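First comes the structure, then the notes that go with it.
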Amino acid sequence: MTPTLPGWLRWSWLPPGAFLLVFLVYPLAVLAVTVTSDSGGGVISTLASPTLWQVTGLAAGQAAASTVVALLVGLPLANVVSRYRFRGRAFAQALVTVPFVLPTVVVALAFRSLLGDGVPQGLVLVVMAHAYVNLAVVARIVGAQWAQHSGDYESVARTLGASRWRAFVDVTLPSLRPAIAASAAVVFVFSFTSLGIVLLLGDPTTRTLESQILRQTSVLLDFPGAAATALVQLVIVSTVLLLGAAASRRSATRRSRPPALRPLPSSVSGRAAVRITAVIGALIVLAPVAALVASSLRSSRGWTLSWWTSLGSVDAGTTRLSPPSEAITTSLAYAALTALIAAGVGGLAAIASLTSGRSRIIAVLALIPLGVSAATLGLGTLLAFGRPPMDLRATGLLIPLAHALVAVPLVIAVVAPSLRSTDTRMSAVAATLGARPTRAFWTTYGPVLRIVMVAAAALAGAVSLGEFGAATFLGRAAAPTVPVQIVRLLGRPGEQSLGVAAVLAVVLVVMTLLLVMLVDRWATPLRRTTAQENPA
Amino acid sequence: MRRRTSPVITASIAVLASALLLAGCASSGADGSDAVEPAASEPQTVQLLAHDSFVVSDDLITALKEDTGITLEIISGSDAGTMVAGAVLAAGNPTGDVMFGVDNTLLSRALEADVFEPYESPELTSVVPALRADTAEGRVTPIDFGDVCINIHDAAFTDIDAPSTLDDLIDPTYRDMLVVEDPGTSSPGLAFLLATIARYGDGWTDYWAALRDNDVKVAASWTDAYFGEFSGGGEGTRPIVVSYATSPPAEIVYAEEPKPEAPSTSVMADGCYRQVEYAGVLAGARNPEGARAVIDWLLSEGVQSDVPMSMFVFPAREGIALPAVFTDFVPTIDSPLQLPPDDVAAGIAGWLAEWGAVMGR
């Protein structure tokens with residue numbers, strides 16, 4: 001309970017609430033009405049089928065394994081990339097986001113070509129790919145909180161004789177628990193509802209409910225069955241997200257220091273540990289990217305530049321591909337809109353979570369889109385906003401709105417834990433000195449908000465850059481995004497298809513790096529001054 | 001007193017802003033297409049709902065506008081299955097005026113849901129006789145056809161003969177060589193399953209058990225099978241793949257310059273499954289007149305001549321000259337396998353379940 005929160009906070013749930021009502025609840029309701037008016041009996045028979053529950057169990061195990069691996073790799077990276085000052089840090093931080101935006105078909109082909117036939121398809125490969133793709137989720141969410149971690153308490157613990165490990169386990173981890181819980185819940189949900197990677201790298205043991213839903217809608221046209229499966233997925237995912245939200249609410253300590261980057265540790269071993277972590281992290285992220293760069297420069301005749309030089313002329317004069325500059329503009333515009341919408345809606349929902357009582361619920365409700373089957377939501381959105389009386393397709397807003405639905409939960413996962421662990425003594429002091437609640441609020445939360453909102457917006461933009469499903473389902477054929485172009489190319493034979501697809505994937509990687517570094521830069525001046533004010 | 005004004009004002013602004021946002025969305029929805037296409041509210045714009053593999057040359061769209069005044073807006077509907085699913089759910093108040101790309105495996109489901117309204121194009125008389133009768137009582141119009149066939153990487157068969165029939169594929173000589181797509185997630189994968197059902201009848205499960213024992217590999221998608229597993233497509237190791245009769249010419253067209261003279265892959269003429277793609281006027285279309293004109297356009301000589309090189313399928317219209325890569329490298333498929341659309345609609349769920357049981361998937 002914080003006594004000095006301004007009154008308007010009680011209403012901050014309204015815009016996110018309206019957003020969810022219009023773009024999540026309404027389309028699903030339209031779909032539900034359409035499907036049940038057809039036939040309702042199929043729902044029960046699907047719920048009673050053993051396959052459904054068998055797949056649920058398999059997917060839960062796979063998602064748990066993916067989460068553990070993503071945390072094991074992501075936590076050291078979050079530590080290094082978000083806390084220490086070293087040359088190339090901004091680049092490293094942007095690099096971690098790259099796996100998140102690569103289309104799954106590209107990740108799958110890169111993993112295949114890197115690991116060769118030696119690694120059998122199945123659980124291990126799927127878990128590795130999920131951990132790889134979700135590195136950004138862990139590094140960004142935990143990193144946003146770790147960046148504000150002063151290390152003072154660890155120093156105290158060390159002075160009192162605790163080992164480095166002991167200090168980490170007893171002091172650092174508990175204070176990061178909200179962020180770790182939030183990111184673990186998100187990674188679990190992404191892996192549990194995964195589609196592309198599961199289909200491309202998986203085997204029968206790695207099926208997910210989402211893959212069942214796709215088959216039920218697109219192959220069997222069994223809508224009641226799909227509805228039943230989607231319902232089960234929604235219930236399970238909502239439960240996990242609720243647990244994650246509950247765990248992330250119990251924040252142990254509140255930090256007083258404004259965020260600041262630290263210089264590298266003074267000890268040789270500490271310095272080496274940071275460097276080695278950074279290098280290993282970079283290698284993990286870069287290996288598939290390097291494979292992509294190589295494919296963009298190779299043909300069966302050897303090294304070549306022809307895929308790069310033919311980029312503008314491939315399929316020129318047809319409706320298949322738009323010129324690269326147009327696809328890049330389209331992708332960037334969608335990413336910017338998504339970042340704006342998601343940061344606004346998600347930021348307000350996170351702020352609402354600071355208040356007590358009912359309005360706090362919105363931060364939990366806004367996580368739900370993560371659990372709604374993409375195929376289901378896509379069909380619902382098409383029925384609700386893809387035809388008269390309300391056809392939004394031509395406005396170009398439908399895709400950023402669909403992307404924002406997925407990005408809002410990530411924004412909340414980044415922003416809410418940091419807000420909750422912000423020291424509120426400042427606003428108490430300000431209020432005592434006569435500051436109005438709103439002024440006191442910005443004094444307290446402003447600096448934190450500025451940094452975490454930038455991280456959140458970058459993640460939201462990344463979601464949009466890499467998204468394929470909604471972009472092909474709700475888009476106009478004439479304005480394909482870069483991932484849509486890649487997948488179109490990979491749908492036909494020929495070396496050129498593979499080569500130019502690799503070129504576009506490299507372009508996507510570079511776009512992501514530039515975008516994320518640019519966005520991160522906005523937050524940097526603040527960090528610099530604080531770092532100078534607080535020489536460590 | 002003053003302390004209460006600020007939150008109330010802020011809250012009102014928030015409510016107003018959301019209301020404005022919603023109103024903005026609603027109004028831009030009503031006339032949203034006007035913003036982009038000036039002719040949207042007039043009957044000159046036609047929305048063509050097509051799957052993501054639909055490609056046509058830009059000049060033909062320009063020619064359509066010049067000849068008829070129609071501005072064609074192509075709306076992407078993802079893959080054919082998802083597109084048809086959306087059309088079935090939206091039946092009566094469709095998300096476009098005309099749909100292209102429903103094929104003979106999905107046709108029955110679309111017809112059951114009354115997705116289309118009848119239209120008989122005057123151009124239909126030019127369609128090859130075998131397809132002409134095939135219009136589901138005039139509700140759809142055949143636009144193109146193609147065959148899903150076994151493709152072979154020739155370099156792997158210098159010492160042994162390449163397989164020439166479906167029966168050969170279960171021969172231990174070809175153990176570990178074949179990659180197919182999962183019929184539950186891939187359109188050519190489903191076509192190949194239907195080919196085996198058309199060929200072997202009730203014995204199809206035995207055939208698949210034999211394929212399984214011969215170490216067939218199942219990939220999730222065509223992309224994964226062709227580029228990931230097939231030695232003739234990318235970095236794979238298996239020399240036999242389920243692909244299309246037109247994959248070898250496409251391999252040349254999309255090769256590095258200077259283009260090779262001949263493809264490195266060839267087609268097994270036995271066991272091909274014929275896919276026919278249809279277009280139809282969507283029931284409840286805002287511009288049915290324009291939709292019918294677009295169907296005539298799809299069957300016009302211009303579009304039909306464009307179809308081979310842009311989509312790598314065969315034109316439904318008679319007497320269209322085929323490009324040299326087609327005449328040189330696509331074998332004539334004399335008796336392609338096919339199942340009646342009604343049988344497919346009735347059987348597909350059971351077949352996929354049985355296939356899953358046999359293959360352990």
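The values are calculated or read from the model by the stated rules, or taken from the named source; none is laboratory data. Treat the numbers as computed from the prediction; the structure is a model and nothing was measured. Note that each Cβ is placed from the backbone with ideal geometry, even for glycine, and that neighbours are counted across all protein chains shown.
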Out of the range B:120-153, which residues are assigned to a strand (DSSP E or B) and closer than 16 Å to B:Val303 by Cβ? B:Val127, B:Thr141, B:Pro142, B:Ile143, B:Asp144, B:Phe145, B:Gly146
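Could you tell me which of the residues A:Val411, A:Val372, A:Val415 is within 18 Å of A:Ala185 (Cβ to Cβ), of a type in the set (A, V, I, L, M) and not in a helix (DSSP H, G or I)?
When all the criteria are applied, what remains is A:Val372.
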Looking for something among the small types (Gly, Ala, Ser), without any contact (Cβ under 8 Å) to a residue 12 or more places away in the chain, in a helix (DSSP H, G or I) and within 30 Å of A:Phe111 (Cβ to Cβ) - is there at least one such residue anywhere in the range B:219-230? yes
Among residues belonging to the range A:200-240 that are among the aliphatic types (A, V, I, L, M), within 19 Å of the chain's Cα centre (by Cα) and surrounded by fewer than 24 Cβ atoms within 10 Å (Cβ to Cβ), point out the one that is farthest from A:Ala179 (Cα to Cα). A:Leu234
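Table: residues versus (1) more than 25 Å from A:Arg393 (Cβ to Cβ); (2) crowded, with 22+ Cβ neighbours inside 10 Å; (3) modelled with pLDDT under 95.
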position	(1), (2), (3)
B:Asp52	no, yes, yes
B:Glu73	no, yes, yes
B:Ala80	no, yes, yes
B:Gly86	no, yes, yes
B:Thr105	yes, yes, yes
B:Phe116	no, yes, no
B:Tyr119	no, no, no
B:Ala130	yes, no, yes
B:Val148	yes, yes, no
Filter the range A:457-478 for residues that are assigned to a loop (DSSP other than H, G, I, E, B), more than 9 Å from every other protein chain (Cβ to nearest Cβ) and more than 10 Å from A:Ser331 (Cβ to Cβ) and give the result. A:Phe468
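Condition check ((1) free of Cβ contacts under 8 Å to residues at least 12 places away in the same chain; (2) surrounded by fewer than 24 Cβ atoms within 10 Å (Cβ to Cβ); (3) over 18 Å from A:Asn79 (Cα atoms)) across all residues:
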{"position": "A:Leu115", "(1), (2), (3)": "yes, yes, yes"}
{"position": "A:Asn134", "(1), (2), (3)": "no, no, no"}
{"position": "A:Ala139", "(1), (2), (3)": "no, no, no"}
{"position": "A:Arg164", "(1), (2), (3)": "yes, yes, no"}
{"position": "A:Ala167", "(1), (2), (3)": "no, yes, no"}
{"position": "A:Val171", "(1), (2), (3)": "no, yes, no"}
{"position": "A:Ser175", "(1), (2), (3)": "no, yes, no"}
Checking A:Gln148 against (1) within 25 Å of A:Thr444 (Cα to Cα); (2) in contact with a helix residue (DSSP H, G or I) (Cβ under 8 Å, 6 or more places away or on another chain); (3) at pLDDT 80 or above, the condition it does not meet: (3)
Taking the criterion of being crowded, with 23+ Cβ neighbours inside 10 Å, in contact with an Asp or Glu (Cβ under 8 Å, 6 or more places away or on another chain) and closer than 21 Å to B:Ser335 by Cα, would at least one residue in the range B:152-168 satisfy it? yes
Residues being more than 7 Å from every other protein chain (Cβ to nearest Cβ) and assigned to a helix (DSSP H, G or I): count how many of those fall in the range B:248-273. 3
Is it true that A:Arg87 is surrounded by fewer than 19 Cβ atoms within 10 Å (Cβ to Cβ) and either in a loop (DSSP other than H, G, I, E, B) or in contact (Cβ under 8 Å) with a residue 60 or more places away in the chain (or both)? yes
Pairs only if they're at least six apart or on different chains, beta carbon under 6 angstrom, first in the range B:287-310 and in contact (Cβ under 8 Å) with a residue 12 or more places away in the chain and under 12 Å from B:Tyr119 (Cα atoms), second charged (D, E, K, R) and surrounded by 18 or more Cβ atoms within 10 Å (Cβ to Cβ); list them, first residue then second. B:Ala291/B:Asp97; B:Asp296/B:Glu123
State whether one or more residues within the range A:309-326 are part of a helix (DSSP H, G or I), modelled with pLDDT under 90 and away from chain B (no Cβ under 14 Å). yes
Can you pull out the residues in the range B:168-215 that are without any contact (Cβ under 8 Å) to a residue 40 or more places away in the chain and either under 25 Å from A:Val105 (Cβ atoms) or under 19 Å from the mean Cα position of the chain (by Cα) (or both)? B:Thr185, B:Ser186
Mind listing just one residue for me: the one in the range A:423-439 that is in contact with a helix residue (DSSP H, G or I) (Cβ under 8 Å, 6 or more places away or on another chain) and β-branched (Val, Ile, Thr) and, of those, nearest to the other protein chains (Cβ to nearest Cβ)? A:Thr438
Subset of the range A:481-498 that is at the interface with another protein chain (Cβ under 7 Å from one of its Cβ atoms) and in contact (Cβ under 8 Å) with a residue 40 or more places away in the chain - its residue that is farthest from B:Gly234 (Cα to Cα): A:Arg488
Being in contact (Cβ under 8 Å) with a residue 12 or more places away in the chain and among the hydroxyl-bearing types (Ser, Thr, Tyr) is the filter here, so list the residues in the range B:123-161 that pass it. B:Ser126, B:Thr135, B:Thr141
Test result for A:Ala336, touching a residue at least 60 places away in the same chain (Cβ under 8 Å) and assigned to a helix (DSSP H, G or I): yes
Picked from the range B:167-187 (must be assigned to a loop (DSSP other than H, G, I, E, B) and acidic (Asp, Glu)), the residue nearest to B:Asp270 (Cα to Cα) is B:Asp171
Taking the condition crowded, with 21+ Cβ neighbours inside 10 Å, of a type outside the set (Asp, Glu) and within 14 Å of chain B (Cβ to nearest Cβ), does A:Thr330 pass? yes
Look through the range A:434-456, keep the residues that are part of a loop (DSSP other than H, G, I, E, B) and without any contact (Cβ under 8 Å) to a residue 12 or more places away in the chain, and return whichever of them is surrounded by the fewest Cβ atoms within 10 Å (Cβ to Cβ). A:Gly434
Just to be sure, is A:Pro76 assigned to a helix (DSSP H, G or I), out of contact with any Leu (no Cβ under 9 Å at 6 or more places or on another chain) and touching a residue at least 12 places away in the same chain (Cβ under 8 Å)? yes
Could you check B:Glu256 against (1) touching an Asp or Glu at 6+ places or on another chain (Cβ under 7 Å); (2) in contact (Cβ under 8 Å) with a residue 12 or more places away in the chain and say which number it fails? (2)
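Conditions (1) more than 27 Å from the chain's Cα centre (by Cα); (2) modelled with pLDDT under 85, marked per residue:
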{"position": "A:Val35", "(1), (2)": "yes, yes"}
{"position": "A:Trp53", "(1), (2)": "yes, no"}
{"position": "A:Ala59", "(1), (2)": "no, no"}
{"position": "A:Ser66", "(1), (2)": "no, no"}
{"position": "A:Ala70", "(1), (2)": "no, no"}
{"position": "A:Ser82", "(1), (2)": "no, yes"}
{"position": "A:Phe86", "(1), (2)": "no, yes"}
{"position": "A:Phe91", "(1), (2)": "no, yes"}
Here the residues within the range B:320-350 that are part of a helix (DSSP H, G or I) and over 21 Å from the mean Cα position of the chain (by Cα) are B:Ala324, B:Val325, B:Thr327, B:Asp328, B:Phe329, B:Gly350
